[in-house]
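So the structure is just underneath, and the comments pick up after that.
The values are calculated or read from the model by the stated rules, or taken from the named source; none is laboratory data. In this text, all values refer to a predicted model and were calculated from it rather than measured experimentally. All Cβ positions, even for glycine, are placed from backbone atoms using ideal geometry, and neighbour counts span all protein chains on display. These accessible areas exclude ligands, DNA and RNA; they are computed on the full protein's heavy atoms, side chains included. Shrake-Rupley method; radii C 1.70, N 1.55, O 1.52, S 1.80 Å.
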Amino acid sequence: MRYTRRSVVSLAPAEPGWDVEVTKAGEEPVLCPVIGWAIVVLDTTAEGQTETAIEPAFVYDGAVYTPAELAHSIGELDYQIIEPEE
């Protein structure tokens, strides 16, 4: 299988309580619930090597995104992962 950038290779559920605060330039931050942890392809080589990272999968405006997917869709953004309170 050939992977492309931003492809989700694997997804595991997140424990309740995790959130992501998404901030787009010039807008108020939005708090989004994390529903899972995704293994996301960051880059690929001509030889088929892939570089991956773990990113939160969260609900934003009724759809599920990873930070890379959301940035690709709406433009530059900052995000902060917020751990559950104990």
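When you look at Y3, is it of a type in the set (F, W, Y), out of contact with any Leu (no Cβ under 8 Å at 6 or more places or on another chain), at pLDDT below 90 and open to solvent by 50 Å² or more (accessible area, probe 1.4 Å), yes or no? First the steps, then the outcome.
Values: of a type in the set (F, W, Y): yes; out of contact with any Leu (no Cβ under 8 Å at 6 or more places or on another chain): yes; at pLDDT below 90: yes; open to solvent by 50 Å² or more (accessible area, probe 1.4 Å): yes.
So Y3 fits the description; yes.
Return the only residue of E85, E69 being part of a loop (DSSP other than H, G, I, E, B) and in contact (Cβ under 8 Å) with a residue 12 or more places away in the chain. If you could, list the steps in order and put the result at the bottom.
On the way: E69 fails: part of a loop (DSSP other than H, G, I, E, B).
The conditions single out E85.
Has region 50-61 got at least one residue that is of a type outside the set (K, R) and in a loop (DSSP other than H, G, I, E, B)?
Yes, there is a match, as at least one residue in region 50-61 is of a type outside the set (K, R) and in a loop (DSSP other than H, G, I, E, B).
Among the residues of region 36-58, are any aromatic (F, W, Y), open to solvent by less than 50 Å² (accessible area, probe 1.4 Å), within 15 Å of I81 (Cβ to Cβ) and touching a helix residue (DSSP H, G or I) at 6+ places or on another chain (Cβ under 8 Å)?
Within region 36-58 (the criterion being aromatic (F, W, Y), open to solvent by less than 50 Å² (accessible area, probe 1.4 Å), within 15 Å of I81 (Cβ to Cβ) and touching a helix residue (DSSP H, G or I) at 6+ places or on another chain (Cβ under 8 Å)), the answer is no, since none of the residues qualifies.
Test each condition in (1) modelled with pLDDT under 90; (2) assigned to a strand (DSSP E or B); (3) within 9 Å of the chain's Cα centre (by Cα) for V9 and report the one that comes out false.
(3)
Take A38 and tell me if it is among the small types (G, A, S) and free of Cβ contacts under 8 Å to residues at least 40 places away in the same chain.
Details: among the small types (G, A, S): yes; free of Cβ contacts under 8 Å to residues at least 40 places away in the same chain: yes.
Yes: the conditions hold for A38.
Does E21 meet the test of being under 18 Å from S73 (Cβ atoms), of a type in the set (D, E) and either at pLDDT 95 or above or part of a strand (DSSP E or B) (or both)?
On the way: under 18 Å from S73 (Cβ atoms): yes; of a type in the set (D, E): yes; either at pLDDT 95 or above or part of a strand (DSSP E or B) (or both): yes.
Yes; evaluated as a whole, the condition is true for this residue.
For E27, only one of the following conditions fails: (1) out of contact with any helix residue (DSSP H, G or I) (no Cβ under 8 Å at 6 or more places or on another chain); (2) open to solvent by less than 90 Å² (accessible area, probe 1.4 Å). What is its number?
(2)
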